[in-house]
Amino acid sequence: MSWLGRLFARKRLEMELDKELRFHFETQVADKVRGGVPESEARRLTRLEFGGIDQIKEDCRESRGTMGLESTLQDLRYGLRQLRRSPGFAVTVLLTLALGIGANSAIFTLVNAILLHSLPVTDPKTLIRIGDKNDCCISDQWNDTGDYSLFSTETYSMFRKSLSEFEELAATASFYGGGPLTVRRAGPDTVAKSMVGTFVSGNYFRVFGLSPAAGRFFVDADDQKGAPITAVMSYDAWRQDYAGDPSVVGSTFYMNGKPATIIGIAPKGFYGDRIDTNPPNYFLPMHAMDAVIGAAFFTDPDKRWAYIIGRVKPGTSLPALQAKASGLLRQQFAGLNSFADPRAQKALPRTHVVLSPGGAGIQSMQAGYKDHLKLLQWIAALVLLVACANIANLLLVRGMSRRAEFSVRSALGAQRSRIVRQLLRESVVLSGLGGLLGLAVSYLGAHALLALAFPDQHNMPVIASPSARVIGFAFALSLVTGVLFGLAPALMAARTRPAEALRSNSRTIAHGASFLQRGLVVLQAALSLVLLVAAGLFAQSLSKAEGVNMKLDSTNRSIAHINPQGAGYKTTEVEPLYQTIVERFHSIPGVLKVGVSTYTPMEANDWNSGVKVQGDPDLNKTASWVKCTPEYFDAVGTHVVRGRGFTLQDTMNALPVAVVNQEFVRQFLGNRNPIGHRFGFDDPLHPGTDGAHEIVGVVEDTTYTSIYWKNHAMYFLPLTQPAGMRAPGDPDQSVYAGAIVIETSHAVPGLEKIVADTLASINPNLNIVKFQTFQQQINDRFTEERMISRLTSLFGLLALLLAAIGLYGVTAYTVVRRTAEIGIRMALGAERSSVIGTVMRGAMLQAVAGLAIGIPVAIFCVRYVKSQLYEITSVNLQVMIIAVGVLALAAALASIIPARRAASIDPVRALRIE
Amino acid sequence: MKHEDRFDLPQGTLDLLIMRVVALGPIHGYAIAQRIQQMSREALQVQQGSLYPALHRLEYKKLLAASWQSSETGREAKFYELTARGRAHLKAETENWKRLTGVVGLILKGTVEGIS
């Protein structure tokens, strides 16, 4: 009979075993009777000779070989039955596990998706990036460290030609899209939409080893000067916007008004070369950049804008390659205008590149979230530790309270190993179930986390469903927890001698909770205090960050982002457009001020340039700049503190003027009166460019980009006046506005629709890229801080809850163990209040011990999160007092229930308890 | 206890004895115990607690085969008999046992003489 067959024939085998032994018994009795013994006596004697018949059966089963599996099923069944018998225990353990494991796997899902994820391309391991930093956008600044990650078109061509160690090298724009792309499919009844586009070299898809979902990818001929504009559409855009229509391939689309042919569709799941909340919908050859978004920098050897990534040939020495690339770059930089300055010349020998693994793509998102994700992982791990302590405690309590049961069972002949095994399996059943629940929690949790972390995301390539890795992680965790903490009570319970345990079950006073149990509760209290303090600090950090005086006014202000270039306006046509916009918007009832600008305060945007005050030496410092219309300062709530703001007279061809902020004055002019000074860029090739703008006013330091950007020097220019001295034939892209700021007298309902209609009435191609109230825009800048604060609070409360359950469990257990003792005390005249006091004192003592450990640990640990807090460097008294208070309150609540139960013990009944 | 001269069987000996008894022909558990007791002249009394696990172990190892037949009293009983494998095993083990006891006896004899 096969092993499995035996298992299924178990019933029959059991019957046969019984029959066989019964036969033996009856025959033996019959023999005795034949020998003259009366039947009843014969039966008694035989029974004595037989001993425990169940023990014999057990031994027979044991020798049969199916024992392992058979008893596993039996143990599992028994385990489940036991759990059903004590639902309170089961629910507590399962909830604890589900929350502990769920929180961990949710965080791990996010970590896995963001930090550990490889690009969905062929053989990502052999991708190597030249550069290791995430400098963005367009730069012509030299830096002191000499580490470069951003390169010009010329450097890219040079690397491609000279670095034969690379099989292929691709370039990709460091900025995604360079502002939104207005895309409209050719044909009647099509609407223009704002999309994300990016510019890549012609071999981009080849480097990644991808094959198109439809059509074809770029060939080198598509990425050449004068080549007709082509584009590859992302799979998501194709499915979502065009329902996977195959006729999209080959059709003409207008990108910022320029006709482009869609030649192919990127494969499903390909999201470009980096994780982004809004991955590109369109990939265009980089040579189309100038035509589509106006990119004079593309041909300028001083302007660095691209990341370079490629595949090295097998067997290439990376250090040697890195040295070679660094040498080539140094050589090329030596001839650049931007390195003409003597200080740049001094920094030149330090010029180098660092080769970094490119398998995960450009790591900008990873770099931004690494610290926070790591912190969250730590916090989640601490919560899991608290949860484990809780489960250990619950299993311990349960193991202890079942000592009598085990004693009876071993007295009846159950093997000790069998009991241990059964307890172990019970805890494995528990942790398995807990793991399943935890998985469900993590599935929901990861979705919630993602929504919390990236509220603006659109087709973000982060999958919130737990991967096989995460599932494995969750189960490994739960099994380890179960086995570890199932083992201790199992061994303890199995070690007891049956007789002793049965005897000691009655009236004793010494048996409270064990040192181990109390130690676990103290640990939990300490950990939850640390987490509560962390939660407090992050909450305080968030409120401090949000409460910072940003020197702006967001009440009844809304911001509509626009893209006039995408609507087809030429640089010479924008001045009348802005006038029309201001006029039309003013005719909307309730509108007070209308400002048009390149970008607005507290927006993820920054334009900066080098600044040199005419007549002063070059400080080699930069300042950010914004171009705007006269009412802009009023519209965002920035006050002019000196001189004047802009007026309607500051037109395109009028005297070039500038307004600077107070920080600009501090950094560049010191105590001098700024009004009347001239400044500009320092360009050795074009003398006199440092006098491009005359300062006519000073405004206060409104916060732009981020509140973490302190001492942010800024200057403002009239929207249509040129930025700096422009060479003839160099069209000034900065005349294109990006935002309209509208201040209204009251909250106008349906303003977005009104704004959209007004824009459409000016030009049907002029659509809203994004519409938000000013306050929403500001709130969005605190998304990450808010997420961290919410999660730390959540985890802190979770830990607190678990610790409270632990404390409750141990206290309740103590009360049960001491029922008889308390009964005697009360019979002897102890007051109810003194009983409550005794029990609560015991519980609070553990909480206090937890505090004694937790407070110094919390104070010590602040250093590790300091960098993630806004202007908080140590634990302050307020946070500490609240955390301690909350913990003490929870401890009091957790112990008052068992204490009251103890006090309500009826002495007479307590004494009768055996 | 009435059998003062009972002694413990060395590990594994019981299996050998059982197989020796079963070798005589199909036999049920109770009769095996009886037969061992008789053959050892009442010196060995096999407890049910050792007999049945051993039988089941031998059956599991396919050294014994079992079938249900009616016994001398007319009741159905489980009868064991040796398989071919069991027969070979018994032969080999008996040889082993004889060699072992011979050698052990030799040594013990010498020691006893040396002491006395």
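The values are calculated or read from the model by the stated rules, or taken from the named source; none is laboratory data. Not measured: the values here are computed from a predicted model. Virtual Cβ from ideal backbone geometry, glycine too; neighbours counted across all protein chains shown.
Only a single criterion out of (1) out of contact with any Leu (no Cβ under 8 Å at 6 or more places or on another chain); (2) at pLDDT below 85; (3) facing chain B (nearest Cβ under 7 Å) is not satisfied by A:Met1, namely (3).
Rundown of residues vs (1) on the phi > 0 side of the Ramachandran plot; (2) among the hydrophobic types (A, V, I, L, M, F, W, C); (3) at pLDDT 90 or above, yes/no style:
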{"residue": "A:Thr277", "(1), (2), (3)": "no, no, no"}
{"residue": "A:Ile293", "(1), (2), (3)": "no, yes, no"}
{"residue": "A:Gln332", "(1), (2), (3)": "no, no, yes"}
{"residue": "A:Leu355", "(1), (2), (3)": "no, yes, yes"}
{"residue": "A:Gly359", "(1), (2), (3)": "no, no, no"}
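Among the residues of the range A:865-898, those identified as free of Cβ contacts under 8 Å to residues at least 24 places away in the same chain and of a type in the set (Ser, Thr, Tyr) are A:Thr873, A:Ser874. If I ask for residues that are among the hydrophobic types (A, V, I, L, M, F, W, C) and in a strand (DSSP E or B), which ones from the range A:575-613 would you list? Listed by number, the residues that qualify are A:Val591, A:Leu592, A:Val594, A:Val596, A:Val611, A:Val613. For the range A:32-51, the candidate set comprises residues that are within 24 Å of B:Ala54 (Cα to Cα) and more than 8 Å from every other protein chain (Cβ to nearest Cβ); within that set, the residue that is surrounded by the fewest Cβ atoms within 10 Å (Cβ to Cβ) is A:Leu48.
Restricting attention to the range B:74-85, the residues being at the interface with another protein chain (Cβ under 7 Å from one of its Cβ atoms) and in a loop (DSSP other than H, G, I, E, B) number 1.
Restricting A:Ala221, A:Ala260, A:Ala227 to residues that are buried (at least 22 other Cβ atoms within 10 Å of the Cβ) and more than 36 Å from the chain's Cα centre (by Cα) narrows the list to A:Ala260. Any chance you could count how many residues in the range B:58-73 are surrounded by 20 or more Cβ atoms within 10 Å (Cβ to Cβ) and within 11 Å of another protein chain (Cβ to nearest Cβ)? Of the residues in that region, 1 qualify. Residue check: is B:His28 free of Cβ contacts under 8 Å to residues at least 40 places away in the same chain, buried (at least 20 other Cβ atoms within 10 Å of the Cβ) and within 11 Å of chain A (Cβ to nearest Cβ)? No; evaluated as a whole, the condition is false for this residue. Flag not set for A:Leu759, criterion: closer than 26 Å to A:Ala451 by Cα and part of a helix (DSSP H, G or I).
All of A:Glu62, A:Glu26 fail the test of being part of a helix (DSSP H, G or I), at pLDDT 80 or above and either closer than 21 Å to B:Gln47 by Cα or more than 11 Å from chain B (Cβ to nearest Cβ) (or both), apart from A:Glu26.
Screening the candidates A:Arg841, A:Arg863, A:Arg817, A:Arg825 for the property of being surrounded by fewer than 18 Cβ atoms within 10 Å (Cβ to Cβ) and over 32 Å from the mean Cα position of the chain (by Cα) yields one hit, A:Arg841.
Looking only at the range A:542-580, how many residues end up being among the charged types (D, E, K, R) and under 13 Å from A:Ser597 (Cα atoms)?
Going through the range A:542-580 one residue at a time, the tally reaches 1.
Among the residues making up the range B:8-25, a single one is within 14 Å of another protein chain (Cβ to nearest Cβ), within 24 Å of A:Thr46 (Cβ to Cβ) and at pLDDT below 90: B:Leu14.
Scanning for something among the hydrophobic types (A, V, I, L, M, F, W, C) and either loosely packed, with under 12 Cβ neighbours inside 10 Å or without any contact (Cβ under 8 Å) to a residue 24 or more places away in the chain (or both), does the range A:899-907 turn up at least one residue? No, that holds for no residue. Is it true that A:Thr182 is over 16 Å from A:Arg274 (Cα atoms) and surrounded by fewer than 24 Cβ atoms within 10 Å (Cβ to Cβ)? Criteria not met by A:Thr182.
Within the range B:37-49, being within 14 Å of chain A (Cβ to nearest Cβ) and at pLDDT 85 or above holds for B:Gln37, B:Gln38. In this structure, A:Glu154 does not qualify as more than 25 Å from A:Ala344 (Cβ to Cβ), outside any loop (DSSP other than H, G, I, E, B), among the charged types (D, E, K, R) and over 30 Å from the mean Cα position of the chain (by Cα). Of the residues A:Thr702, A:Thr792, A:Thr783, the single one that is within 30 Å of A:Leu452 (Cβ to Cβ) and surrounded by fewer than 20 Cβ atoms within 10 Å (Cβ to Cβ) is A:Thr783. If A:Gly177 satisfies every condition in (1) surrounded by fewer than 19 Cβ atoms within 10 Å (Cβ to Cβ); (2) out of contact with any helix residue (DSSP H, G or I) (no Cβ under 6 Å at 6 or more places or on another chain); (3) modelled with pLDDT under 85 but one, which is the exception? In the conditions (1) surrounded by fewer than 19 Cβ atoms within 10 Å (Cβ to Cβ); (2) out of contact with any helix residue (DSSP H, G or I) (no Cβ under 6 Å at 6 or more places or on another chain); (3) modelled with pLDDT under 85, A:Gly177 misses (1) alone. Tell me, which residue of the range A:65-95 that is assigned to a helix (DSSP H, G or I), touching a Lys or Arg at 6+ places or on another chain (Cβ under 9 Å) and within 14 Å of another protein chain (Cβ to nearest Cβ) is modelled with the highest pLDDT? Taking the candidates together, the pick is A:Glu70. Pairs are defined by a Cβ separation below 9 Å, a sequence spacing of at least 6 or placement on different chains, a first member in the range A:323-345 that is touching a residue at least 12 places away in the same chain (Cβ under 8 Å), and a second member that is surrounded by fewer than 14 Cβ atoms within 10 Å (Cβ to Cβ) and assigned to a helix (DSSP H, G or I); the pairs so defined are A:Arg330/A:Pro349; A:Ala334/A:Gln345; A:Phe339/A:Gln345.
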